[in-house]
Each structure stands twice: as structure tokens, then as C-alpha cells.
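What follows is calculated from the coordinates using simple rules that are stated; it is not laboratory data. It should be emphasised that the depicted structure is a prediction, and the values quoted were computed from it without experimental measurement. Because the Cβ atoms are built from the backbone with ideal geometry, glycine has one as well, and the counts that use them run over all protein chains shown.
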């Protein structure tokens, strides 16, 4: 039987009968006698049923409906309210035949309903059926939960690689919303020396565990400055080095887009380069808005796709109070209710508007994107990094 | 109701009734009339039932037992044999009341058994109960399968980072058996120049996705020679560099053990170092067996645990025909049937014995370890690398 796959028949099944009449439990016990692999435990007090179920953790509950000290239907609801007991198969064993009571029992979460005394062959068939289905279910759930816990722990590691927001001469704010437990987005920033800060964001194609493995590798390489001697102050050289270090042919066909910039606070300039990444945005108080990277000549293709692809370096002024936004395309490639994709232009207009409002623009932009997509999660990983310069 | 969590009530439920008497389908149709969210589809030919179920993919099947052109119980078995139909809830709707037939129906995989004509309230309660339970189950299964597929794809990436076995002046053979989809073990080898080959194996604490993220990062750093300028020909320097690059405080508390060696075919020598790793084994034809690393003075602690820990370099002769074995502790830390752990010494004796037998020792050693543990999988990741020098 398909559903019983993997369940060893020799494991004894424990059945707990909750019925105030000992004679019923005794009758059921006799029915089960030919099946030594089914153990019957009786509870004759309705008021003790919840505690007994928790103690015995049976494979199946046989539940009477009318008892002097408890309402059987209420007990069904009570088991179902308790997360630890909610999934134990429950067969109502009742003298009542009214369909409305049966319907009520099912609505409260009973798995089956038998009129007592049931035929032994049928009782045993139903006990075995429910116990096996529940055990198979439990196995699947445990495997699933183990996977989830593993992914959550890995996600914690990925997040721990993103530096905390910083204050001071350079101030950062960011949001990171992976679409799965693990995302293909990563970003970071660190001082190269007293005056120069490297700022980068990358987005591996796809999302999930595979892209996360590559994303974390690139992140770790960035954080330990292990780029094979490339000048970390030259964005084009950094992207060229990464393009040769991580060819897609050696990385399961995965490539990534990346924006890399170096802010120099003493020279008041920002150098940057881009590999297939949407443009970063630079806002200068009272000044102009600029898109950095994107379709500029210095931009190259996505990293890892074409060996020898050129990545150049551009330089722009970094005036006091300037704000830089770097993001992954998950924040604007959102399906709208009418089935069309939200345009990058609309997102850029939003950033522009939110930046003028002052603090909290990262949170407001994430909230706006969620509103557009009419959902709290995103289809792709979403990263948004805001850097404000003194 | 707990089990129905996440199932929208408004999604119509499709019920397929397989019964040769149109009057029964008509009676059931009338019972369901007050419930517009339940759609009834009738199939009056038993011989067409399998195709119809596959076509309709109903939420619930109502199955008659006695039909002129098919045996209803055989049909139940037939649905259950078909992987695409096996999990569709099935309620037998029969005039037969015999308990042995009920038991047979359950044994074949029926989910429920009602005598016709059933009471409408009870029929509807059971249809809703089974449809909701099945939909909730399907959702969980889909989520689980998506996770599995993701992990399998990531595992494929991890395996693709391990170089293929090579022939020539240096010949490699290896086995890699992760305990979960993704393991914390990694290993590799590559030529540093014409005469020198780097050979390494690392084992991140734990196993699963988190350790795989770190393991792949280290692997990628090794393969692109991105160790911040460390001399790759000096094993102690390589492990020292990795120890500073991957401190456990920055990597979710994860550390790893590692063995790193550099074979120089022109000088006929092998340099090596170890960070908390079990000793590699060197066999020389007709000569002595040597344990390399392990408790030697040049060995340091596991990598990432103590900043500034010293890792030295030892040198040993590499005579023609010499064979090197590097492995992770998963291959010998095996629980035996008596509950004790298999000793490293026993494993080392095994290697010694298998090496003398010639080709295929990697496969034979894995088979022996499986035999000791009396299982085909391993509790921890298992890696075994054999390198033979001309």
C-alpha cells in the first residue's frame, strides 16, 4: 500500500480508548487480541483524557462521545487545539448515529466515526489504516522540518556575512529579503584604507541553495580581499578578476550581476563599475540625480558569462550629503495585478521621491514594492543598500 | 481545523463518482446541491474509470464496488498502483456491508467506506474532510519536493567543484559520500606548476547546507589561488592564511579541519601540514607506511578556531609508486553494532591491507566501512582520496 511505504509493520501500534464504560474497553481489547502488534490502553475518565493522550502519545485515539465528566465532542476540539496532539488520528466510537453529530465530529477534526460496538475486522482495518497513514505523515514532516532547520541555520550564516549598518563618516542602511530561505543576493562594504570604502552588491542568477553557495563564495572572497592581486581600489579591475575567477562553466552554469564602487572621502569621488547590474543611484542634496553603471560604456556583461569581457571604471563627484542606492532587480521586477511587470523607471521615480522625504527611505521603498506586488514576500531575492556620505 | 490550515474554502472541490447506475450519481448530485463548492462528475463505466480519474484529477473519488464491466476492489488497487493517482482520497460507496469487504478495501488503500445511499450530511462531511486533508498534504509535499530539488541541484554544484580523477604522472581515485544532500567535506588537487601538485581535503564541522556554504567558499578560494598572497607551495603558510581568512567568529561558529600537501615530482618530496585533521597515509612499495600530520609537531588546531595558531610544514620523501590516502573522519568514526565507535587504528590497518591488494582500494575501503556500520549511508560525510605518484 502506497501510503504505508516505509512503515515497519512490526512496530507495535498503541491505541488509547477514552470511554467511561470499562466494558467497552474490555470488548475492544478482545477484538484486538488476535493482533499482538496493537496495544490497547484505556482511560475511563473524560476529565483525564487530555493528560492521558499526552502521556501515552498513542497511534490512534478511540473516543467515546457521552461521558459523565466530559463532552466527547469538546474533547475532540481540545485535542485539535493542542499542537502536540492535533495530528493524532482519532476515531469517534459512539452509540449515536445522527449524521449531524458525525458531521460535527469531522468538522472538529475527527478522522473517522464508528458506531459501537463496531465489527472487529472493520475496527482493526481502520485502526491500521489511520496509524500507518499518520506514521508515514510524521516521517515526511520530520524530514521536511530537518531540511527547514538546516536551511534556516544556513540562512543565518548568509545574513551574518552582511555587515551591520554603520554610522559615522559613512552611514549605511539596508534591507535584505530572500525569496527562499537562502538567496542568491549578497552585499557588503568595508574600508580599504582610512579614506576609501569598497561597496558592492551581487545577484546570482536564480535563488535558493545553489546560488547561495556561489554568492557566499564571492562574498567571502571579497571580505578577505582574496581577488588574486587585483587592485581593490579599481572597480573595473575587481570585476574583471571576478569574471575570470568564477566562470559559469565551472560553477554549474551560474553567473551573477554585480555593482562595485569605491568611495574616496578625501578626494570626494566615487569610482564604480558594473557587470550586467541595474544602475546604482546617486542623489546629491539640492543637486542632480545620477544613474551609475546600467548602460554606461564602462559596464560589462554579467560576471562569469564571457571570459575576457572588459569592465571599465567611471568616476563621479561625491559631494557632502550624497546618498547612494544599490539594489538587486528583485525590488522592481515585480508582477503587478494586471499581469504586467513593474518598470525600472517607476522604481527609480519612487526612490527619487522617497529620498527627498529623508530618513527611513529603505523601509518605505520595500513597503512600496510590497504594495505594488500585493504580497508580503517577493518572487526573487530583494536587496537594497543605502549609503550616505558625510 | 488544524489539518485544513492554508486551504481556501472557496476553491471548488471536484468529486468523481464511479458507479454504473446513473440514478446513484443523480442522488449524490442532489445531496451536494446545497454545496456549490463541490462539483460532481460521473463515470458510469468501470472500464473507463482509470482514464477518467487521470483526466479529471478529482479531490475525492466515490467508488462503487459492483459494476458489470469492472471489479471495484480491483479498481481501488489499480488507482493505488498508479503513482499519479495513488494519493487521491477514495471513499468506497457500496451496498455491501460485510466487514471483510471493508477490511479488504482499506487494505487496498481506500480512505473511507460508506454504505449507500449515505446520509447527505455525513457524505458531505467526509468529502470535505478527505479533500482538505489531501490538499494540505499536497501542499506540504510540494514544498518538500521543491526543497529537495533545490538541495540536489546545489549538491550537483558542490560535486562539480571536485576535480575529475586524473591519469598520468599523478593518478587520482576518490569517493565522496555526503551524509545529507550537501556535505561539509570538500577536496581537490591541481598543478601549481609543471612539477608540483597541491592536494587538499577539508571537513567543516557538522554537515548540511551551512557547512556546505563554508566548504564551497574555501574550495573556491583554493581553486582560484585566492589566499591573499600565501605561498601555495608552503603548506604551513596556506593553513595559516586560511586560519586568518575564515575565523569561526565570522562564520556562524563553524570551523574546519584540513590536510594540505604539495607533491614535488622533480625533487621527489612531499610537503604537508595539518589543521586538526586525521593523518594522511603514505605507502611506499616495499617500503614503510607513514602517517603524515596527525599528532606531529607541525600540525595545528582546526582551522578558524584560534587566530594566530601556528601551522608548520614537514617534508617526506616521495618514492616512485608511492600512494597517498587523505580522508575525512566520517570514514572511521562509525558506530558499530555493539554501540562502540570503530577506532582509527582499525581503519588504518584496513587501508594498509587494501593498498597491498592493488587497484580498487578506494571502493573496497568504502565497502568495508559500510559493512562495519551495517548501513549503506553514513552518519557523517565521507571523503577518501587516493593519489598515486609515478
Next on the checklist: Let me check against my output: what whole-number percent is the relative contact order of the stretch A:276-367, with C-alpha pairs under 8 Å and at least 6 apart?
Outcome noted: 25 percent
Checklist outcome for this item: Compactness check, the stretch A:25-104: C-alpha Rg relative to the 2.2 N^0.38 Å globular estimate gives 1.11
Checklist entry - Given the alpha-carbon gyration tensor of the stretch A:161-389, what are the semi-axes of its equivalent ellipsoid in whole angstrom, ordered largest first, with each equal to the square root of 5 times an eigenvalue? => result 24, 23, 16
Item to check | Extension gain from residue B:119 to residue B:29, taking 0.36 nm per residue of separation minus the Cα-Cα distance | outcome: 31.1 nm
Item to check | DSSP bridge pairs, chain B: antiparallel proportion in percent, nearest 5 | outcome: 75 percent
Item to check | Nearest 10 degrees, 0 to 90: helix A:99-108 Cα axis against chain A principal axis | outcome: 40 degrees
Checklist entry - Between the stretch A:63-96 and the stretch B:72-130, how many Å separate their Cα centres? => result 24 Å
Checklist entry - Which of B:131, B:230, B:305 moves most in a GNM of chain B, Cα contacts under 10 Å? => result B:131
Item to check | Normalised per residue, the volume of the convex hull around the Cα set of the stretch A:116-168 (Å³) | outcome: 65 Å³
Next on the checklist: What Kirkwood Rh does chain B have if only Cα atoms enter the pairwise 1/r average? Answer in Å.
Outcome noted: 25.4 Å
Next on the checklist: Suppose only helical runs count, i.e. DSSP H with n ≥ 4. What mean residue ellipticity at 222 nm does that imply for chain B under -39500 (n - 2.57) per run, divided by all residues and rounded to the nearest 500 deg cm²/dmol?
Outcome noted: -11000 deg cm²/dmol
Checklist entry - So how tilted is helix B:361-373 from the main axis of chain B? Cα-based, degrees 0 to 90, rounded to 10. => result 60 degrees
Checklist outcome for this item: In degrees, nearest 10, the alpha-carbon axis of helix A:120-160 is tilted away from the dominant principal axis of the alpha carbons of chain A by 20 degrees
Checklist entry - With each pseudo-label sitting 7 Å past Cα toward Cβ, what's the residue B:346-residue A:96 distance in nm, one decimal? => result 6.1 nm
Item to check | All Cα pairs of the stretch A:163-202, percent lying beyond 14 Å | outcome: 53 percent
Checklist entry - Give or take rounding to whole Å, what are the principal axis extents of the alpha carbon atoms in the protein assembly as shown, in descending order? => result 85, 81, 53
Item to check | Spherically averaged projected area in nm², based on the convex hull that wraps the Cα atoms of the stretch A:73-201 | outcome: 12.5 nm²
Checklist entry - What is the Cα radius of gyration of the stretch A:175-256 over 2.2 N^0.38 Å, N being its residue count? => result 1.11
Checklist entry - What nm value, rounded to one decimal, do you get for the distance between residue B:77 and residue A:11 when each label is placed 7 Å out toward the C-beta? => result 2.7 nm
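In percent, what relative contact order does chain A have, based on Cα pairs under 8 Å that are 6 or more apart in sequence?
On the way: 730 pairs, mean separation 50.0, N = 390.
Relative CO of chain A lands at 13 percent.
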Next on the checklist: Show me the three semi-axes of the equivalent ellipsoid for the stretch B:6-55, from the C-alpha gyration tensor (sqrt of 5 times each eigenvalue), largest first, rounded to whole Å.
Outcome noted: 22, 15, 5
Item to check | Rounded D (µm²/s) - the stretch A:262-390, Kirkwood Rh over Cα pairs, Stokes-Einstein at 20 °C, 1.002 mPa s | outcome: 136 µm²/s
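Scaled to the compact-protein estimate 2.2 N^0.38 Å, what is the alpha-carbon radius of gyration of the stretch A:132-268, rounded to two decimal places? Intermediate values should be presented prior to the final figure.
Values: Rg = 18.4 Å, N = 137, 2.2 N^0.38 = 14.3 Å.
Compared with the compact-globule rule of thumb, the stretch A:132-268 sits at 1.29.
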Next on the checklist: Going by Cα centres, the stretch B:151-182 and the stretch A:34-54 are how many Å apart?
Outcome noted: 52 Å
Checklist entry - Can you give the average number of partner chain beta-carbon atoms within 10 Å of each beta-carbon in peptide A:99-112, as a whole number? => result 5
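Hey, how much of the P(r) for the stretch B:2-145 falls beyond 22 Å, as a percent of Cα pairs?
34 percent
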Checklist outcome for this item: Of B:107-113, B:363-369, A:210-216, ordering from highest average Cβ density within 10 Å down gives A:210-216, B:107-113, B:363-369
Checklist entry - With the contact rule set at Cα under 8 Å and sequence spacing of 6 or more, what percent relative contact order holds for the stretch B:200-290? => result 28 percent
Checklist entry - If you line up the Cα atoms of the stretch A:210-338 on their principal axes, what length do they span on each, largest first, in Å? => result 48, 47, 26
Next on the checklist: If you take every DSSP beta bridge fully contained in the protein assembly as shown, what fraction is antiparallel? Give it as a percent rounded to 5.
Outcome noted: 75 percent
Checklist entry - How much of the calculated P(r) for the stretch B:214-273 lies past 12 Å, in percent of all Cα pairs? => result 69 percent
